[in-house]
1. With each label point set 7 Å from Cα along the Cα-Cβ vector, what nm distance links I6 and D256?
2. Which ordering of L64, L244 is given by a fewest-first count of other beta-carbon atoms within 10 Å?
3. Per the Kirkwood definition applied to all pairs of different Cα atoms, how many angstroms is the hydrodynamic radius of the stretch 16-268?
4. For E80, enumerate residues with amide H under 5 Å from its amide H, sequence gap 5+ or separate chain, H modeled in the peptide plane.
5. Sequence neighbours fewer than 8 away in the same chain don't count; with that in mind, list the lysines whose C-alpha is under 27 Å from K57.
6. Under a straight-distance cross-link criterion of Cα-Cα below 15 Å, which aspartates and glutamates are reachable from K115, leaving out those fewer than 8 residues away in the same chain?
7. If you place +1 on the Cβ of every Lys and Arg, -1 on the Cβ of every Asp and Glu, and leave all else neutral, what size is the dipole of the chain about its Cα centre, to the nearest 20 Debye?
8. Between the DSSP loop rule and a limit of at most 15 other Cβ atoms within 10 Å, which trypsin sites (Lys or Arg not before Pro) in the stretch 206-269 are left?
Amino acid sequence: MDRHPIVAGRFYDAQPEQLHATVDGYLAQAGERQADRTLLAMVPHAGYVYSGAVCGKTLGAANLAPTVLLLGPNHTGRGERFALWPDGVWIIPGGSLPVDTGLAQALLDADPAIKEDTSAHMGEHSLEVTLPFLHRLNPATTIVPICISAPTLESLERVGNAIGRALVDFGAPVSIVVSSDMSHYISSEDARKMDGMALEPMMTLNPAVLYDTVRSRHISMCGVLPMTTGLFAAKVMGATHAELVAYASSGEVSGDFEQVVGYAGVLVG
């Protein structure tokens, strides 16, 4: 089953030429590309005018495998707790990215909580917004999208560890890309403080502390569930370090610093 874009023309340009030029401009802002394989990248998913620069700086500096496991939040509440899109292609203006059915099956076999489910993805924008960047970096990229809404740390840890083992055992290298914005609709000053609290355990590769910090501090990081899952997986894959590549807020574009959304770009290797 193929997935057609739902936010083209709203979050990003629907015209391929304009979209390519915009994405290339953001990717050009990246520093030196990492020498070692990137195990996990976390990037934001807002409209490109707000978060495109953070996404471009981060993915442009990443050294991603040709196959990418996409982990994103569930904003709609639909579908399974770990909803995997199993086949077909994800279409974007001017191109498409095919689902790697072999990896999809390996992940379905890794833990029974991971289930085939397209309904969770139908109205969900968070993974779609990353695809034009992946396509411009490597048009041959294949993907497996998973939308996550499981609420407990125990389930995120179990499934994250199972994903990590499946990726280690898979016959080709795989990178994880997590889609998450940070704090929502608080002042820029508060966002930087709260987001710093959430970013600290990411830098020390501590997914349990990330989860507990976001929950206990009421930090409105929409992708805490996929990032927690992804960090557990990355640790199984042998992750040793993390880097905060970029941080910004919507206020830097809108001029409204009283009600911002925070955006962070993180690379794990």
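1. Going by the 7 Å Cα→Cβ label model, 2.4 nm.
2. On the way: L64 25, L244 16.
The fewest-first ordering by Cβ neighbours comes to L244, L64.
3. Details: mean 1/r = 0.0564 Å⁻¹.
By the Kirkwood definition, the hydrodynamic radius is 17.7 Å.
4. Close amide H contacts, sequence-distant or interchain: A120.
5. Once the sequence-local lysines are set aside, what remains near K57 is K193, K235.
6. Here the aspartates and glutamates satisfying the reach criterion relative to K115 are E80, D87.
7. Values: 16 positive and 28 negative charges, 47 e Å.
Using only the charged Cβ atoms, the result is roughly 220 debye.
8. Numbers: sites: R215, R217, K235; in loops: R217.
Counting only loop positions with at most 15 other Cβ atoms within 10 Å, the trypsin sites (Lys or Arg not before Pro) in the stretch 206-269 are R217.
Values in this text are rule-based calculations from the coordinates and carry no lab data. From a predicted model like this one, the values you see are computed outputs, not experimental measurements. Positions of Cβ are backbone-derived with ideal geometry, glycine not excepted, and every protein chain shown enters the neighbour counts.
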